[in-house]
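Trainee: Structure in structure tokens, see below.
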Amino acid sequence: MTEQLSLTVDGLTIPQLGFGTWMLEPADARRMVAEALRIGYRHIDTAWIYKNEAAVGDGIRDAIDAGHVAREDIWLTTKIWVAHFEHDALLRQAEESAASLGFTPDLLLLHWPKLKPSFAETIGALNEAKDKGLTRSIGLSNFPSKEWKQIQALSPAHLVTNQVEHHPYLSIDALKAAAAELGSTITAWSPLAQGSIADDPVITDIAKAHGKSNGQVTLRWLIQNGVIAIPRTTKVERAAESFDIWDFTLTDEEMSRITALARPDGRLGDWLDKDFTWDQD
Ligand SMILES: NC(=O)c1ccc[n+]([C@@H]2O[C@H](COP(=O)([O-])OP(=O)(O)OC[C@H]3O[C@@H](n4cnc5c(N)ncnc54)[C@H](OP(=O)(O)O)[C@@H]3O)[C@@H](O)[C@H]2O)c1
């Protein structure tokens, strides 16, 4: 197996393949985070709203205690929930999240954009959280490109990623252009389209040609596109399979065939506030 790939932003190294923990009950989150780190994942994604930050922290400690990994080799992300966007509430949650995890996160995201309180208040508080040492870096989740540029202009610190839904059925060309313009990155949530890539005939065809699974081909397509991907599973075998993607390369033609699967109704999870609209790609 060749080495896993990562992206560097502002001198920070973000492993391109991470492990997601949305919907994982605490026991599963602890077990799977420890297993993911044993398998080789070096990037873990959680959020305050997932109600599993303490379990994620326990899973990381289990892996460290077992000698599988050192804390400094893990990229740990959590998110500020929208109910905590006022200045004081944001700082309180940043402290609570770090305490629950038992670790200072590497990245703290605003989970979804919200008009009130103002972007200035919220991004100011997020910068303060960073300045106070409650996170190493800051970023966004689910911000359309217009709002991404607006809030970056108000932020002294560089926003190192925007975590958005992205998979073969949902293209995000405008967001990718914004990432390039801002010197930032895209992190893809629901990278496996919540499992539906398993039944795709085009992906199946490409997977057969490489002796790989549909999940592996989909993750490889994201990684080769320069995107960070954070798949989630409750199954150790699937976590191991999804990590085994460093020894093959999709051709340009295969990449294009997967890109062509995008469709207008490809979005799976739309909780965007009505004050905003998604980019039309
Ligand atoms: N920022 C946000 O607003 C936001 C929103 C959603 C998600 N996220 C983050 O992104 C992570 C990933 O997104 P996600 O959990 O929605 O979706 P996902 O990773 O695309 O899909 C997870 C689902 O696919 C199944 N699965 C996993 N590997 C598979 C494979 N190789 N073949 C077929 N099915 C497979 C899993 O079932 P099994 O458990 O049975 O394997 C699970 O039901 C989340 O866990 C979370 O950390 C962020």
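The values are calculated or read from the model by the stated rules, or taken from the named source; none is laboratory data. All values reported here derive from a predicted model rather than from experimental measurement. Methodologically, a virtual Cβ is constructed for each residue, glycine included, from the backbone with ideal geometry; neighbour enumeration extends over all protein chains shown. Accessible surface is based on the protein model in full, side chains and every heavy atom, while ligands, DNA and RNA are left aside. Shrake-Rupley method; radii C 1.70, N 1.55, O 1.52, S 1.80 Å.
Trainee: Name, by its number, the condition in (1) among the small types (Gly, Ala, Ser); (2) open to solvent by 10 Å² or more (accessible area, probe 1.4 Å); (3) closer than 26 Å to Met32 by Cβ that does not hold for Ala193.
Mentor: Of everything listed in (1) among the small types (Gly, Ala, Ser); (2) open to solvent by 10 Å² or more (accessible area, probe 1.4 Å); (3) closer than 26 Å to Met32 by Cβ, Ala193 misses just condition (2).
Residues checked against (1) of a type in the set (D, E, K, R); (2) outside any loop (DSSP other than H, G, I, E, B):
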position: Ala55; (1), (2): no, yes
position: Asp58; (1), (2): yes, yes
position: Thr78; (1), (2): no, yes
position: Asp88; (1), (2): yes, yes
position: Ala94; (1), (2): no, yes
position: Ser97; (1), (2): no, yes
position: Pro105; (1), (2): no, no
position: Leu108; (1), (2): no, yes
position: Trp112; (1), (2): no, no
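Trainee: In the stretch 32-53, which residue that is under 22 Å from Gln4 (Cβ atoms) and either without any contact (Cβ under 8 Å) to a residue 60 or more places away in the chain or in contact with a Lys or Arg (Cβ under 7 Å, 6 or more places away or on another chain) (or both) is nearest to the ligand (Cβ to nearest atom)?
Mentor: Only one residue tops the list, namely Thr46.
Trainee: Another one. Please work out if Thr233 is away from the ligand (no atom under 15 Å from the Cβ) and polar (S, T, N, Q).
Mentor: No: the conditions fail for Thr233.
Trainee: Identify, please: which residue in the stretch 103-127 is charged (D, E, K, R) and surrounded by 15 or more Cβ atoms within 10 Å (Cβ to Cβ) and is, among those, nearest to Ala70 (Cα to Cα)?
Mentor: Once the filter is applied, the top-ranked residue is Asp106.
Trainee: Let me ask something else about it. Search the stretch 9-30 for residues being without any contact (Cβ under 8 Å) to a residue 40 or more places away in the chain and surrounded by fewer than 18 Cβ atoms within 10 Å (Cβ to Cβ), and hand back the single one that is farthest from the ligand (Cβ to nearest atom).
Mentor: Gly11
Trainee: If you go through the stretch 242-252 one residue at a time, do you hit one that is open to solvent by less than 10 Å² (accessible area, probe 1.4 Å), more than 7 Å from the ligand (Cβ to nearest atom), more than 21 Å from the chain's Cα centre (by Cα) and at pLDDT 95 or above?
Mentor: Yes, the stretch 242-252 contains at least one residue that is open to solvent by less than 10 Å² (accessible area, probe 1.4 Å), more than 7 Å from the ligand (Cβ to nearest atom), more than 21 Å from the chain's Cα centre (by Cα) and at pLDDT 95 or above.
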